[in-house]
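Let me begin by presenting the structure, written as structure tokens, before commenting on it.
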């Protein structure tokens with residue numbers, strides 16, 4: 001009877017020890033796999049520790065489109081089989097680089113434009129009415145940014161056809177760089193989109209809308225002008241109005257050749 | 001709509017298009033597009049994509065971190081000037097690869113740019129570019145109109161296929177000359193030239209820097225056509241900020257805005273072809289982790305790559321982050337590059353041209369040790 005008890009005890013010990021050994025082999029299998037990746041499992045000692053658990057969960061999460069994993073020591077056998085099987089090479093490849101998911105919770109906000117343009121509510125003069133004038137927007141270094149025609153109705157600008165210049169085409173020879181304008185015309189002004197900032201097909205309006213704001217230096221032109229030279233761009237039939245954009249670049253908004 | 005001939009006459013030095021199909025030599029149907037934006041001068045990857053979760057960032061370069069980076073995840077943020085790109089990240093149309101570089105540690109613009117375009121380990125060891133060779137192997141051929149093309153898209157002699165790009169007045173001779181002088185000098189001399197050039201010109205960089213935006217639109221318009229080119233190369237110069245690099249605002253941040261709008265314009269102009277496109281940046285090297293005595297940074301090693309396009313399915317930051325403690329830096333001064341950027345180039349070729357990774361690294365890059373990173377970017 002005593003011998004039988006002894007045998008049972010020995011058998012039980014062997015069973016437990018054997019399972020333990022098997023478990024450690026599975027953990028070791030995982031650790032050895034991970035050491036060939038960028039997911040550090042700590043020392044390859046067969047012991048299931050925090051580092052091993054974190055590393056294998058990170059790898060499997062990355063392999064499963066960042067789905068959270070909850071792999072425990074009890075899963076070691078299955079995981080080892082997976083790593084040793086057909087998926088092993090794929091997982092090894094995935095394990096060569098870490099991927100950090102993007103989780104943007106802050107408001108990105110509206111895109112701030114390089115230059116703001118807004119003619120809204122700008123009034124040249126309450127006494128001025130012209131059917132058709134030429135307007136130009138010229139950078140202080142001479143680059144023409146836009147040109148077109150504008151009507152003035154009791155001092156309120158009403159934009160007609162116009163075009164913006166992309167790039168630094170300033171001489172007027174490179175007409176291919178001239179873009180169709182994409183100004184949104186309203187009764188009170190124009191909301192413009194510079195094509196060199198944001199391409200919008202003809203007839204479409206897209207965000208971010210950019211505005212041109214006549215700056216503090218805006219000078220109201222004389223109320224009337226009956227003897228204006230058609231080509232007197234420098235003089236500006238209704239005055240030349242300088243404004244400065246956010247970057248300190250100065251532009252001149254000129255209106256001439258009114259009829 | 002602009003014609004191809006017209007386009008060829010106006011495309012700027014900062015743009016080259018290639019890969020117009022020639023019937024009988026090109027696979028049908030045409031699918032993937034690759035657009036490379038070469039950021040010349042060495043972009044500061046830590047300013048663009050600051051590892052805000054790494055405490056050593058603030059110890060090493062407190063003054064060179066934007067005050068309000070947009071947080072991407074616990075480790076990384078993005079400079080606030082990348083708003084369009086951030087929106088692409090949010091909508092799973094963009095990804096970032098950090099602590100990366102072409103295999104070059106020499107800190108020379110000439111050598112670095114050559115390697116970034118050739119894809120070789122040794123500078124000036126080949127007269128073809130990795131993208132040109134990939135086009136050849138993918139049988140994306142076209143006519144050779146000129147030899148004036150960036151090395152990047154030069155292929156094997158029998159397959160030379162590129163379009164010239166030239167336009168007047170898009171880059172002032174003064175700044176081009178100064179850039180050339182800067183590239184041939186180092187240390188204090190270069191910093192002095194940098195300062196002098198800034199002082200002598202009235203913000204020429206930003207005025208000129210707007211040009212790539214127009215070019216991006218032109219490239220996108222051309223590439224969205226069914227028989228349009230499948231490859232475009234844009235160049236944005238002036239990243240070599242040895243002085244006054246900026247943080248929240250300043251010169252580098254202005255270039256970030258420019259780059260951000262280039263991404264936006266490409267997407268807008270490409271329209272539905274955006275879904276078949278991958279845009280990637282390259283730069284010859286990163287910049288030093290610590291700022292120098294002129295509020296700038298000097299030539300370094302590891303930097304960052306920005307990728308966007310409809311071929312991306314899931315946004316992420318891919319990085320084997322090496323850390324920013326002094327002991328973790330390359331030669332105790334540079335961000336360590338733990339990812340060979342040629343892996344990224346290979347993945348883009350695989351995604352857009354359909355070549356297999358093993359073939360690409362053996363034939364295009366002639367280096368079988370380049371790891372596959374396709375799943376991390378496009379998976």
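Points to keep in mind about this one:
- Per-region count, the range B:350-377, residues without any contact (Cβ under 8 Å) to a residue 40 or more places away in the chain and within 12 Å of residue A:97 (Cα to Cα): 4
- Of all the listed residues (B:239, B:256, B:263), the sole one being in a loop (DSSP other than H, G, I, E, B) and at pLDDT 85 or above is B:239.
- Selection within the range B:317-335 - crowded, with 20+ Cβ neighbours inside 10 Å and touching a helix residue (DSSP H, G or I) at 6+ places or on another chain (Cβ under 7 Å): B:318, B:324, B:335
- Some residue of the range A:72-85 being more than 11 Å from every other protein chain (Cβ to nearest Cβ) and at positive phi: no
- Matching residues in the range B:321-333 - criterion: being in contact (Cβ under 8 Å) with a residue 60 or more places away in the chain and in contact with a strand residue (DSSP E or B) (Cβ under 8 Å, 6 or more places away or on another chain): B:321, B:322
- Some residue of the range B:279-291 being at pLDDT below 95, in a loop (DSSP other than H, G, I, E, B) and more than 28 Å from residue B:229 (Cβ to Cβ): yes
- Note on the range B:242-253: residues that are within 13 Å of chain A (Cβ to nearest Cβ) and in a helix (DSSP H, G or I) total 2.
- Condition met for residue B:347 (within 26 Å of residue B:369 (Cβ to Cβ), free of Cβ contacts under 8 Å to residues at least 60 places away in the same chain and within 12 Å of chain A (Cβ to nearest Cβ)): yes
- Flag if residue B:377 is in contact with a strand residue (DSSP E or B) (Cβ under 7 Å, 6 or more places away or on another chain), buried (at least 19 other Cβ atoms within 10 Å of the Cβ) and assigned to a helix (DSSP H, G or I): yes
- Being within 14 Å of chain A (Cβ to nearest Cβ), in contact with a helix residue (DSSP H, G or I) (Cβ under 8 Å, 6 or more places away or on another chain), in contact (Cβ under 8 Å) with a residue 12 or more places away in the chain and surrounded by fewer than 24 Cβ atoms within 10 Å (Cβ to Cβ) is a property that does not hold for residue B:61.
- Annotation: of all residues in the range A:94-110 being at the interface with chain B (Cβ under 7 Å from one of its Cβ atoms) and more than 14 Å from the chain's Cα centre (by Cα), the one that is surrounded by the fewest Cβ atoms within 10 Å (Cβ to Cβ) is A:103.
- Residue check for residue B:74: modelled with pLDDT under 80 and in the same structural domain as residue B:335 (by TED's automatic domain parsing): no
- The listed residues are B:106, B:112, and the only one of them that is in contact with a helix residue (DSSP H, G or I) (Cβ under 9 Å, 6 or more places away or on another chain) and farther than 22 Å from residue B:56 by Cβ turns out to be B:106.
- Per the listing B:142, B:119, the residue uniquely within 25 Å of residue B:376 (Cα to Cα) and either modelled with pLDDT of 85 or more or over 21 Å from the mean Cα position of the chain (by Cα) (or both) is B:119.
- Index of the failed condition, residue A:65 passing every other in (1) assigned to a loop (DSSP other than H, G, I, E, B); (2) modelled with pLDDT of 95 or more: (2)
The values are calculated or read from the model by the stated rules, or taken from the named source; none is laboratory data. These numbers were taken from a predicted model, which means no experiment stands behind them. When we count neighbours, we look across all protein chains shown, and the Cβ atoms used for this are built from the backbone with ideal geometry, even at glycine.
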